[in-house]
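Single-structure report; data block below.
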Ligand code: 9MR
């Protein structure tokens, strides 16, 4: 009995390992534009003379493929970058290289559905309301957050420790159920930056949410759901903003209705307060035309923003220090950093745009960054730069534009020798916690943004190559967005997706991606299959360092893919 079980076990394991072998052909599993280059990457087989393409009308041909051989910078894997030449008719192409085969879809609007799903995801992760328009993902209300305790670290004269406040709504941050101001404000700020340049697109986009029928674009309605929560995170006593709303420890993999831990608002921090100030200043401006749906909101947002900024000026060293919290101790995500220059730059820039006050202009100028880095929760300087380079630019923007174009020129310079014909993915720095968002999507977003301002399309090709990477032309062969492509994550580190008894995870979620630091190593039942930077990815629930999802990451997916779709929607 024992022997046969072991044998069966081995067989199962071998079969599942076989099932996990990625195809030798790597390509964008979602689709390409007719006018775009059609590049696939073949691993391990030299495809010269072996490529066959069957067109959507059933004609089989031998394309004039150009093949470039390249060695992975991290392993001895040989890859072949194959340019299939012109495949301009729309439809499904069948491609074979020896015994390996796959399909490649060419469509006028290949990103339409995935772009919509990336934004609709925010509806599915709303907290404090029942989800009733989520189809098979409907669920009852969880985390009402109508009884939230003021933690001792957050106490003030009018709100001593233990005071009960209401702090409902907002999105769950990620795989966990907490709500963090830094990450929330960052996510909204990034999506606002996309909205500002693509208002027509977003005005006509419907994501089938309860507010879809009102006069406000769905993207703004969705942001409002989180802004309403953010408003509750400001201490009315002094204008400072709590760093997060959290349980003492992460919850287990249970549904929201089963969660029993008390929830606290903890410590006001300078970074959370400045991010709050920035995003409220933007919200005040952007919601102004939608008074009909949100009467009075703009005035409130402007007032709370200025107040928060003032608090931050008075508390420049109030950095979040989780190690100092007690009664109870808090062990959940930190989102802490010890440098607020970038947050000051973003907030002062946003407030200058809103109010025109000289003091904000001076502060923004003083904190201007020296270089452009892709936006992330820990470095929001790019969001400040986007304020300056918006459709109605502020003052003299030439220095900001130079930072952005210097960055773009550096990003595209090695594509010709890269493994996957993309600006992303060529240095170990491109891989780490949340890299697919913070580096791949945000790099592409910066490239598209630069094109828009310059009135060119010179960076568009490179941005599309990052989409190809993200959606399957990569070292693992995964399309890293759930519900899309033919090999996408099925077990993201996401509590609801793991506990809801629905097999497929929520669609439209971007996972963090390959992360050679493997901070989750000790918690993995299956070891990560590879230590190579671009292959350190594991589609199991326990892999929080490579397979979690998060609002800031989906925000970058929205900014990138909706922008792409918008630019080609006309
Ligand atoms: O995105 C965050 C990443 O940059 C950090 O390296 C990591 C470890 O501190 O935390 C990530 O943020 C997590 C947050 O702290 C809690 N919710 C889940 C987030 C995504 O993993």
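Please treat every number below as a calculation from the coordinates, not as lab data. These numbers come from a predicted model, not from an experiment. All Cβ positions, even for glycine, are placed from backbone atoms using ideal geometry, and neighbour counts span all protein chains on display.
Got the relative contact order for the chain handy, in percent, Cα pairs under 8 Å and 6 or more residues apart?
It comes to 15 percent, rounded to a whole number.
In square nanometres, what is the average projected area of the Cα convex hull of region 274-387? The partial results should precede the final answer.
Details: hull surface 34.7 nm².
The number I arrive at for region 274-387 is 8.7 nm².
Sum -39500 (n - 2.57) across every DSSP H segment of at least 4 residues in the chain, then divide by the residue count to get the 222 nm mean residue ellipticity, nearest 500.
Helix-only estimate at 222 nm: -11000 deg cm²/dmol.
Test of understanding: ordering 354, 510 by Cβ neighbours within 10 Å, fewest first, what list do you get?
Taking fewest neighbouring Cβ atoms as first place, the list is 354, 510.
Please sort 469-475, 254-260, 38-44 by packing, taking for each peptide the average over its residues of neighbouring beta carbons within 10 angstrom, highest first.
Packing proxy ranking, top to bottom: 469-475, 38-44, 254-260.
Return the percentage of antiparallel bridges among DSSP beta bridges fully within region 112-395, rounded to the nearest 5 %.
Counting only bridges with both partners in region 112-395, antiparallel ones make up about 85 percent.
Sequence gap at least 6, Cα distance under 8 Å: using those rules, report the relative contact order of region 102-180 to the nearest whole percent.
24 percent
Hey, with R₀ at 56 Å, roughly what FRET efficiency would residue 392 and residue 253 work out to, going by the Cβ-Cβ distance, to 0.05?
With a Förster radius of 56 Å, E is 0.75.
Cβ neighbours within 10 Å, averaged per peptide: list 309-317, 428-436 in order, most packed at the top.
428-436, 309-317
If you fit an axis through the alpha-carbon atoms of helix 270-287 and take the longest principal axis of the Cα set of the chain, what angle between them do you get, 0 to 90°, nearest 10?
Tilt relative to the chain: about 80 degrees.
What shape does region 112-395 have by the C-alpha gyration tensor, where a ≥ b ≥ c are the square roots of the eigenvalues, rounded means a/c under 1.5, and otherwise prolate means a/b greater than b/c and oblate the rest?
It comes out oblate by the Cα gyration axes.
Explain nothing, just the number: relative contact order of region 112-395, from Cα pairs under 8 Å at least 6 residues apart, as a whole percent.
Relative contact order here is 18 percent.
From the Cα gyration tensor of region 370-490, with a ≥ b ≥ c the square roots of its eigenvalues, which class applies: rounded if a/c is under 1.5, or else prolate if a/b is larger than b/c, or else oblate?
Verdict is prolate for region 370-490.
Across the chain, how large is the tail of the calculated P(r) beyond 46 Å, expressed as a percent of all Cα pairs?
14 percent
Pull out a ≥ b ≥ c, the square roots of the eigenvalues of the alpha-carbon gyration tensor of region 173-307, then state rounded if a/c is under 1.5, prolate if not and a/b is larger than b/c, and oblate in the remaining case.
oblate
Please determine, in degrees from 0 to 90 and to the nearest 10, the orientation of helix 341-355 with respect to the longest principal axis defined by the Cα atoms of the chain, where the helix direction is its Cα long axis.
70 degrees
What is the packing order of peptides 115-125, 146-156, taking the mean over residues of other C-beta atoms within 10 Å and listing the highest first?
Numbers: 115-125: 24.2, 146-156: 18.2.
For the peptides 115-125, 146-156, the packing ranking is 115-125, 146-156.
Report, in degrees rounded to the nearest 10, the 0 to 90 angle that the Cα long axis of helix 398-412 makes with the longest principal axis of the chain.
Value to nearest ten degrees: 30.
Pull out the extension gain between residue 105 and residue 88, defined as 0.36 nm times the separation in residues minus the alpha carbon to alpha carbon distance; nm, one decimal.
Length gained between residue 105 and residue 88: 5.1 nm.
I need the fraction of alpha carbon pairs in region 20-163 separated by more than 28 Å, rounded to a whole percent. List each step's numbers first, then the result.
Working: 5028 of 10296 pairs.
Tail of the P(r) past 28 Å holds 49 percent of the pairs.
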